[in-house]
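Down below is the structure, laid out as structure tokens.
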Amino acid sequence: VINGKEYGFELTVGASIQIAKLCPNGDLSRIAEAVGGEYGQQADTMAKFVEALSNGYAAAEEFEGRKANRLSYESVLTLSPSVFSDVCAEAFNVFGTDVKGEIEVEPSKKAVEEG
């Protein structure tokens, strides 16, 4: 919740494409390298990272017929440093959880018949 509005984060395919563009060689596993370096570059990259995950969440919610707030790059830049730090921590937490992912697969009908 920022300024009374609730925001969410989700690593969707669209968000992963945007985040991969921030990473060396387009490798999502190298996100930590992308946010290293001097403060200005780090904050710029993190603002784009937060925007991508926010857009992923909002797009997924809208696909399901629900409305969701989005954090734009520009709105992230207006946050105080302490709120920005908290938002980045939450975004990284969600990214870490979502990038692992869990996929439930039903056994195929053929596998059940053969098994």
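Could you please let me know if Pro81 is exposed (fewer than 15 other Cβ atoms within 10 Å of the Cβ) and in contact with a Lys or Arg (Cβ under 9 Å, 6 or more places away or on another chain)?
no
Looking only at residues in region 1-12 that are open to solvent by 90 Å² or more (accessible area, probe 1.4 Å) and assigned to a loop (DSSP other than H, G, I, E, B), which one is modelled with the lowest pLDDT?
Taking the candidates together, the pick is Asn3.
Look through region 13-45, keep the residues that are open to solvent by 50 Å² or more (accessible area, probe 1.4 Å) and in contact with a helix residue (DSSP H, G or I) (Cβ under 6 Å, 6 or more places away or on another chain), and return whichever of them is farthest from Glu61 (Cα to Cα).
Among those that are open to solvent by 50 Å² or more (accessible area, probe 1.4 Å) and in contact with a helix residue (DSSP H, G or I) (Cβ under 6 Å, 6 or more places away or on another chain), it is Glu33.
Scan region 84-103 residue by residue and report those that are within 14 Å of Val50 (Cα to Cα), open to solvent by 50 Å² or more (accessible area, probe 1.4 Å) and of a type outside the set (D, E, K, R).
Ser85, Ala89, Phe92, Asn93
For a quick check of your reading: which helices (runs of 4 or more DSSP H) sit entirely within region 26-78 and have at least 2 residues that are at pLDDT 95 or above?
Per the criteria, 39-63, 73-77.
Taking only pairs six or more apart or across chains, which ones have beta-carbon atoms under 7 Å, a first residue in region 56-85 that is closer than 16 Å to Thr12 by Cα and aromatic (Phe, Trp, Tyr), and a second residue that is open to solvent by less than 90 Å² (accessible area, probe 1.4 Å) and modelled with pLDDT of 95 or more?
What qualifies is Tyr57/Gly8; Tyr57/Phe9; Tyr57/Glu10; Tyr57/Ala68.
The values are calculated or read from the model by the stated rules, or taken from the named source; none is laboratory data. Not measured: the values here are computed from a predicted model. In this analysis, Cβ positions are derived from the backbone assuming ideal geometry, glycine residues included, and neighbour counts consider all displayed protein chains. Accessible surface is based on the protein model in full, side chains and every heavy atom, while ligands, DNA and RNA are left aside. Shrake-Rupley method; radii C 1.70, N 1.55, O 1.52, S 1.80 Å.
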